[in-house]
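No value in this document is a laboratory result; all are computed from the given coordinates. In this text the structure is predicted, and so the values were computed from the model without any measurement. For neighbour counting, all protein chains shown are included, and Cβ atoms are generated from backbone atoms with ideal geometry for every residue, glycine included.
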Amino acid sequence: MHFSSLPWIQHFRTLGNDFFSPVEASPLSAPYWVHINEQVANLLGTSARAINNTSNLNIFSGKEKLTPYGNIAMVYAGHQFGGYSPRLGDGRGLLIGQLLINDSILDLYLKGTGKTPYSRFGDGRAVLRSSIREYLVGEAMHALHIPTARALCIIGSDDSVIRETIETAAIVARIANTHIRFGHFEYFHYKQQFKQVKQLADHVIQQFLPEQRAHSNPYLALFNYAVAQTAMMIAKWQSVGFTHGVMNTDNMSIIGETIDYGPYGFLDDYEPGFISNHSDHYGRYAFDQQPSMGLWNLQALAESLSSLITTEELKTALAEYEPLLVKHYAELMRKKLGLYREHDDDQSICANLLQLMAKDKVDYTIFFRRLCDFQVNKINTPLAALFSQQKSWRQWQSQYTQRLALETQTDKQRQQLMKQTNPKYILRNYLVQRAIEQAQQDKDFSEIDRLMTLVQAPFEEHPEYEHYAVLPSVTNKHLPVSCSS
Ligand code: AMP
Ligand code: MG
């Protein structure tokens with residue numbers, strides 16, 4: 001199967017030259033396949049096996065063009081750690097094609113393809129380490145029902161790349177419903193190119209909100225959509241214990257898909273102030289700051305749409321963010337707790353639990369998985385063992401037991417439902433690190449394969465991989481993750 005035979009279209013390109021630069025990829029030398037994602041291959045109507053040939057290797061390593069239209073690097077800007085950077089753009093990635101699948105458009109994007117006009121001081125490369133991290137987490141998030149960019153494959157090379165140490169280069173081929181970010185709008189707004197702001201907004205509306213085109217104010221509909229999607233995305237992050245690490249506005253997709261994974265982390269212990277990015281000294285993007293940073297970013301987006309939408313309307317739309325996020329988070333947490341009816345006490349049950357978990361540094365994923373096996377009027381030893389403050393735990397357990405009495409499920413039925421909500425396997429940093437080390441040292445990619453199996457089906461038992469679901473050791477818990485990728 002030759003990739004170029006798929007139904008490629010030109011969509012983003014129709015916006016014209018103000019929005020991108022045509023760029024030729026700088027190919028990796030002597031490229032090799034690191035991994036191909038069967039699920040994403042299937043989504044594209046093919047299989048890993050059919051993709052695995054030299055002509056596709058040439059495409060994904062940047063040697064050959066995918067479509068006759070050529071590749072483009074998009075221009076955008078963004079607020080990075082609170083400060084405005086007026087010109088960022090695709091500094092090391094290229095949109096190589098857009099595909100029409102089941103009436104929706106899918107971007108195919110290569111990351112790590114060399115310098116572009118937006119590279120600034122960067123080398124345009126991505127290292128194997130961060131490529132593996134990005135590759136696996138897209139699958140993990142997707143399986144946890146969080147809208148996300150995903151990746152089709154990783155290509156490796158022995159080309160060296162200088163980071164904190166010397167590493168090797170790689171390219172990730174990723175797919176996303178769009179690569180348009182908040183920062184795209186900011187770029188044109190701050191240059192006072194309001195015509196281009198409108199053009200971009202029309203483009204997104206046409207792609208994602210076609211029925212709103214006839215709306216009295218389609219731009220307001222677009223902003224409302226971005227607010228709602230972002231609120232839902234962040235509520236989901238909070239419920240699974242995910243920390244993005246670099247929530248700059250250039251990393252925020254306009255449709256609320258999680259993109260641009262760098263120094264992310266899933267919680268081990270429930271630690272509300274967890275900082276996954278070790279360059280984030282002030283904890284701007286700490287786990288518990290994400291909901292308010294989402295709002296901060298939406299305020300920046302609002303400013304950049306102020307030529308299209310009145311201040312009053314923007315304020316009213318922004319006011320929807322917090323209640324939406326809180327409501328969605330409450331629903332998700334209720335499901336994690338196995339509570340399927342709504343009750344006034346639910347919020348306090350959840351808050352009391354999280355407070356207790358934070359005090360006792362209880363592992364977030366393991367607690368909820370064990371909670372699935374909770375039995376009313378039993379001691380529930382595996383759960384009790386996670387707490388040092390036994391009295392507080394028993395108090396919570398009795399509050400929970402009383403609340404469960406208002407539900408209709410038996411222990412067994414609740415267990416089955418909860419196991420579809422509370423994953424057994426989570427992509428802990430130390431697990432990814434092990435896969436990275438094997439890949440770097442021995443070109444052994446089998447651990448990537450194993451982790452892929454687990455994160456693509458995180459709710460299943462996988463009895464042969466029980467040891468991937470155990471409490472991490474103290475040294476495995478606090479691995480620093482660098483921003484340099
Ligand atoms: P990030 O926070 O990783 O999404 O990157 C922020 C900006 O820096 C984006 O415009 C990237 O394209 C650019 N960038 C990051 N790393 C590199 C690199 N090695 N070479 C060129 N540009 C880069
Ligand atoms: Mg980025």
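What is the diffusion coefficient of segment 339-418 in µm²/s, taking the Kirkwood radius over Cα pairs and the Stokes-Einstein relation at 4 °C with a viscosity of 1.567 mPa s?
Roughly 100 µm²/s, to the nearest whole number.
Net charge near LYS236, counting Lys/Arg +1 and Asp/Glu -1 over other residues with Cβ under 12 Å of its Cβ?
Taking every other residue near LYS236 into account, the sum is 0.
Compute the signed sum of charges (Lys and Arg +1, Asp and Glu -1) over the other residues within less than 14 Å, Cβ to Cβ, of ILE101.
With Lys, Arg at +1 and Asp, Glu at -1, the neighbours total -1.
Compute the normalised compactness of the chain: alpha-carbon radius of gyration over 2.2 N^0.38 Å, N being the residue count.
Taking N as the residue count of the chain, the ratio is 0.99.
Taking the Cα centre of segment 339-418 as origin and charging only Cβ (+1 Lys, Arg; -1 Asp, Glu), how large is the dipole, in debye to the nearest 20?
Computed about the Cα centre, the dipole is about 300 debye.
Just to check I understand the Karplus step: with θ = phi - 60° and J = 6.51 cos²θ - 1.76 cosθ + 1.60, what whole-Hz values come out for segment 57-64, glycine and proline as x?
Whole-Hz 3J(HN,Hα) from phi for segment 57-64: 4, 5, 5, 6, 9, x, 7, 10.
With 19 Å as the limit, write out which pairs from LYS115/LYS191; LYS111/LYS477; LYS327/LYS361; LYS336/LYS412 have Cα-Cα distances beyond it, or answer none.
Those over the limit are LYS115/LYS191; LYS111/LYS477; LYS327/LYS361.
To the nearest 20 debye, what charge dipole does segment 299-435 have about its Cα centre, counting +1 at the Cβ of each Lys and Arg and -1 at the Cβ of each Asp and Glu?
Roughly 1060 debye, rounded to the nearest 20.
Based on the mean of other Cβ atoms within 10 Å per residue, sort peptides 303-313, 416-426, 178-188 so the most packed one is first.
178-188, 416-426, 303-313
Using θ = phi - 60° and the Karplus form 6.51 cos²θ - 1.76 cosθ + 1.60, what ³J(HN,Hα) does each residue of segment 269-279 get, whole Hz, x for Gly and Pro?
Each residue of segment 269-279 in turn: 5, 6, 10, x, x, 4, 10, 8, 9, 6, 8 Hz.
Which far-off residues, 5 or more places away or on another chain, put their amide H under 5 Å from the one on HIS278, with H placed in the peptide plane?
The list, which skips near neighbours in sequence, is VAL481, CYS483.
Which net charge results for the neighbourhood of LYS419, defined as the other residues with beta-carbon distances under 13 angstrom from its beta-carbon, given Lys and Arg at +1 and Asp and Glu at -1?
Within the 13 Å Cβ shell, the charges total +3.
If each of TYR69 and ASP344 carries a label point 7 Å out from its Cα toward its Cβ, how far apart are those two points in nm?
Between TYR69 and ASP344, the simple spin-label model gives 5.7 nm.
Can you give the log10 of the normalised intensity I(q)/I(0) at q = 0.13, 0.19 Å⁻¹, computed with Debye over equal Cα scatterers of segment 3-182?
Result of the Debye calculation: -0.64, -1.44.
Rank-order 447-453, 465-471 by packing density, defined as the average count of other C-beta atoms within 10 Å over each peptide's residues, highest first.
447-453, 465-471
Filter the DSSP H helices in the chain by two things, a Kyte-Doolittle mean of at least 0.0 and an axial alpha-carbon span of 24 angstrom or more, and list the hits by number.
Going by DSSP H runs, the hits are 218-240.
Would you pull out the residues with amide H under 5 Å of MET252's amide H, same chain only if 5 or more places away, H placed 1.01 Å from N?
Distant-sequence amide H within range of MET252: PHE182, GLY183.
Counting helices only, and only those DSSP H runs with n ≥ 4, report the 222 nm mean residue ellipticity of the chain as the sum of -39,500 (n - 2.57) divided by its residues, in deg cm²/dmol to the nearest 500.
Here the helix-only value at 222 nm equals -12500 deg cm²/dmol.
Work out from phi, with θ = phi - 60° and the Karplus expression 6.51 cos²θ - 1.76 cosθ + 1.60, the ³J(HN,Hα) of each residue of segment 93-109, listed in order in whole Hz, and give x for Gly and Pro.
x, 9, 7, 9, x, 10, 10, 9, 10, 6, 6, 10, 8, 10, 7, 10, 9
Charges only on Cβ, +1 for Lys and Arg, -1 for Asp and Glu: so what's the dipole of the chain about the Cα centre, in debye to the nearest 20?
Rounded to the nearest 20 debye, it is 160 debye.
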